[in-house]
Amino acid sequence: MPEPTASAPSPGSSGGHPLLWAVLLSVCAVFFAALLWNASELRKNHGAAKGSYGSPGTVTITGEKSSGRSSKGTYCEGDFRHRAGELRPSVVVKQTGRCVRGRQGEARLIAGDRGSDWFIGDDDDVAWMRGSRGWVGSAVLTGLFGFLSLIGAVVWLFGILAGVARIAALIESRKRLRPP
């Protein structure tokens, strides 16, 4: 087998695929952005369920609604009254147990993000009753995107290391080709 030259990659090397690495880096960036967003949502949701985040007030459950998505099923709906007296009707209620019409309790309201189309599912106002476990879904998503970001970062790092090794080998082969 002939020796690899300075201009051709050695057999079995990855060669130069800058487009592939650009796509991989973009995918890693998307997973990382999703990780940051989900971690932020987890912090808010968990804090609201503990009673330390969001607008304080009381919520009265008014019924149960279908989410329109078969995977989600139903959710509780209610009217939230801020401590200052302002009423916010028809909010999503996160609570433990069944939806019981007329049930009241202290809650924290996280206002929905109606001005952004970046993420789906954060448009509704959500009242979190103390002790709700609805934040566990955010924890699962955060863990998933964290894992995918880690895998992507490791693959990208190995790509960079392979590129550095290829450049070093190229420099070394050019040194050998020069006459003394």
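For this structure, a couple of remarks:
- Sparse-neighbourhood loop sites, trypsin sites (Lys or Arg not before Pro) in segment 76-107 - DSSP loop, at most 12 other Cβ within 10 angstrom: 83, 98, 101
- Between residue 168 and residue 64, full extension at 0.36 nm per residue minus the direct alpha carbon distance yields a gain of 31.0 nm.
- Rg ratio (alpha-carbon, reference 2.2 N^0.38 Å) - segment 31-103: 1.26
- For residue 65, a cut-off of 25 angstrom between C-alpha atoms picks up these lysines, skipping any fewer than 8 places away in its own chain: 44, 50, 94.
- Annotation for residue 133 and residue 156: the two label points, set 7 Å from Cα along the Cα-Cβ direction, are 3.6 nm apart.
- Between residue 90 and residue 40, the modelled labels are 2.7 nm apart [label points 7 Å from Cα along Cα→Cβ].
Values in this text are rule-based calculations from the coordinates and carry no lab data. Values in this document were obtained by computation on a predicted structure and should not be read as measured data. Glycine gets a Cβ as well: all are built from the backbone with ideal geometry, and neighbour counts include every protein chain shown.
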